[in-house]
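Undergrad: The following block contains the structure, expressed as C-alpha cells.
The values are calculated or read from the model by the stated rules, or taken from the named source; none is laboratory data. Only a predicted model underlies this, so the values are computations on that prediction, with no experimental measurement involved. Quick reminder, even Gly has a Cβ in these numbers, built from the backbone with ideal geometry, and neighbours come from all protein chains shown.
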Amino acid sequence: MRRLVAAPALLATLALAALLTAGCGKEGSPPVKGPQAEKLPVYQVDTGFRLPGSPTWRAAERRRHLVVGVKEDQPYLGEKDPATGGYSGFDIEIARMMSASLGFAPKTIAFRTIASANRETALQNGQIDYYVGTYTINDLRKKQVGFAGPYYIAGQSLLVRTDEKDIHGPQDLAGKRVCSAAGSTPLQRIQREYPKAIAVAYDTYSICVDNLISLQVDAVTTDDTILMGYAAKAPDVLKVVGKPFSKEPYGIGVPRGDTALRLALDDALAAHEKNGDWKKAYDATLGLSGVPAPPPPAIDRYPAS
Ligand code: GLU
C-alpha cells in the first residue's frame, strides 16, 4: 500500500466545492440537499440524570458539558458548516440524543473532529467523552475501546466517476487505484481480500473523493452510507456501484473501562429508538441520501471483560 500523507486539504476542499457549485447550477441536476433543520427532533434533557459510576460522566459534569468526537466531511452523517462552524447529520443527532439522556443540553456539546485513524487514541487519552462517526464495532477495536450500540448497520461499497465502465464491484479492482481512509475497516478489507488492488490511504474520505474527481484514483471505498452522501451531492460526477460487500455495525465509542457509560448509552439508544427520535433523526438526515429508514438493529449489551 502506498500511504500518502495528507494532501493539501484546503486545495482538495476547494476543488470539490467548485465542482459541487458547478454541478448544482446546471439544468436538471437536483438541488444540493442538506439536513432539514425544521424537521429535526428536539430531545428531552433528563435533568435529574446521574451516573456517578462513570469517570467520564463525572468529569463532564464538573466541566458542565460533553466533548464528543465526530467527522466533519461526511454528508448527511457528520458535516461541519464552514460558515457557521455548526455540525449536522445522523451521527451528530445520535450524539445529541445521547447528550440529552446523560443530562446535558445538546447545544452545549463541544464537537471535535477526529479522523478514523485517531479515534482509539482520542478515547484512550481522554480527549473526548464519546465518539459518534461511522465507527464500526469489531473485536479488535473492542480491545482498545468500548462500544454502545449498534445504532445502524452499513456495508462497504465503491464510489466511481459516472463515466467509469470497468468497475462494478470489488472483483474489478485488480490494478486499479482505490482510495480509503487510514485506520478504517474498508481499507483493511481491500488490502486483505483484494491484494491486486492498489490501495491508497489518506486521512479522510473527502480527500479521496477529490482525488477521484481529479483522476488520481479510480475508486473510493468505504461504507455505502458515506459514499451515497458524496454521490447525492454530485450526481453528475459520482456514482456508487455494486452491492455492499461487508457489514459495518456502527457503535458509539467510549473509553474502554467505562462500562457504566457504555450501558447508559445502550439504554439511551433503546429509549430514543422506542420514542421515535431515532427514525425522525434518520429521516431528516441520512434518509435524504435516498435510503428509507431500516428498523434499528438490536443493541448488543456485552458484558465487561
Ligand atoms: N465504518 C468504517 C470504519 O469504522 C469506515 C468508516 C470510517 O472510517 O469512519 O472504519
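Undergrad: Restricting to the range 129-142, give me the number of residues that are farther than 15 Å from Gly183 by Cβ and more than 16 Å from the chain's Cα centre (by Cα).
TA: Number of matching residues: 3.
Undergrad: Turning to a different aspect of this structure: Of the residues Val254, Val209, which is assigned to a strand (DSSP E or B) and closer than 25 Å to Glu72 by Cα? Please lay out each step first, then the result.
TA: Working: Val209 fails: assigned to a strand (DSSP E or B).
One residue alone meets the criteria, Val254.
Undergrad: While we're here: Taking the stated definitions as given, is His65 over 30 Å from Gly242 (Cα atoms) and either out of contact with any Leu (no Cβ under 8 Å at 6 or more places or on another chain) or crowded, with 24+ Cβ neighbours inside 10 Å (or both)?
TA: yes
Undergrad: Going by what's in this entry, would Gly149 be described as at positive phi and more than 10 Å from the ligand (Cβ to nearest atom)?
TA: Values: at positive phi: yes; more than 10 Å from the ligand (Cβ to nearest atom): yes.
Against the criterion (at positive phi and more than 10 Å from the ligand (Cβ to nearest atom)), Gly149 qualifies.
Undergrad: Of the numbered conditions (1) within 15 Å of the ligand (Cβ to nearest atom); (2) within 17 Å of the chain's Cα centre (by Cα), Phe111 satisfies every one except a single condition; which is it?
TA: Going through the list (1) within 15 Å of the ligand (Cβ to nearest atom); (2) within 17 Å of the chain's Cα centre (by Cα), Phe111 breaks only (1).
Undergrad: Continuing with the same structure: Of all residues in the range 172-205, how many are within 15 Å of the ligand (Cβ to nearest atom) and surrounded by 14 or more Cβ atoms within 10 Å (Cβ to Cβ)?
TA: 21
Undergrad: Looking only at residues in the range 120-137 that are part of a loop (DSSP other than H, G, I, E, B) and loosely packed, with under 14 Cβ neighbours inside 10 Å, which one is farthest from the ligand (Cβ to nearest atom)?
TA: At the first step, the residues of the range 120-137 found to be part of a loop (DSSP other than H, G, I, E, B) are 125-129, 132-135, 137.
Next cut, loosely packed, with under 14 Cβ neighbours inside 10 Å only: 125-126.
Working: Asn125: 19, Gly126: 21 Å.
The selected residue is Gly126.
Undergrad: Under 9 Å by Cβ, and 6 or more places apart or on different chains, what pairs join a residue from the range 239-266 that is of a type in the set (S, T, N, Q) with one that is modelled with pLDDT of 95 or more and in a strand (DSSP E or B)?
TA: Ser246/Thr136; Ser246/Ala154; Ser246/Gln156; Ser246/Ser157; Ser246/Asp223; Thr259/Gly146
Undergrad: May I pose another question? Look through Asp210, Asp224 and report the one residue that is buried (at least 23 other Cβ atoms within 10 Å of the Cβ) and either closer than 20 Å to Ile128 by Cβ or within 16 Å of the ligand (Cβ to nearest atom) (or both).
TA: Details: Asp210 fails: either closer than 20 Å to Ile128 by Cβ or within 16 Å of the ligand (Cβ to nearest atom) (or both).
Residue meeting the stated conditions: Asp224.
Undergrad: Take Leu238 and decide whether it is touching a Ser or Thr at 6+ places or on another chain (Cβ under 6 Å), on the phi < 0 side of the Ramachandran plot and buried (at least 23 other Cβ atoms within 10 Å of the Cβ).
TA: no
Undergrad: Among the numbered criteria (1) within 13 Å of the ligand (Cβ to nearest atom); (2) surrounded by fewer than 19 Cβ atoms within 10 Å (Cβ to Cβ), which one does Gly169 miss?
TA: (1)
Undergrad: For Ala270, are the conditions met, namely being more than 12 Å from the ligand (Cβ to nearest atom) and modelled with pLDDT under 95?
TA: So Ala270 fails the test.
Undergrad: Which of the residues spanning the range 68-90 are surrounded by fewer than 24 Cβ atoms within 10 Å (Cβ to Cβ) and hydroxyl-bearing (Ser, Thr, Tyr)?
TA: Thr84, Tyr87, Ser88
Undergrad: Counting only residues that are over 19 Å from Gly290 (Cα atoms), within 16 Å of the ligand (Cβ to nearest atom) and in a loop (DSSP other than H, G, I, E, B), how many does the range 58-102 have?
TA: 2
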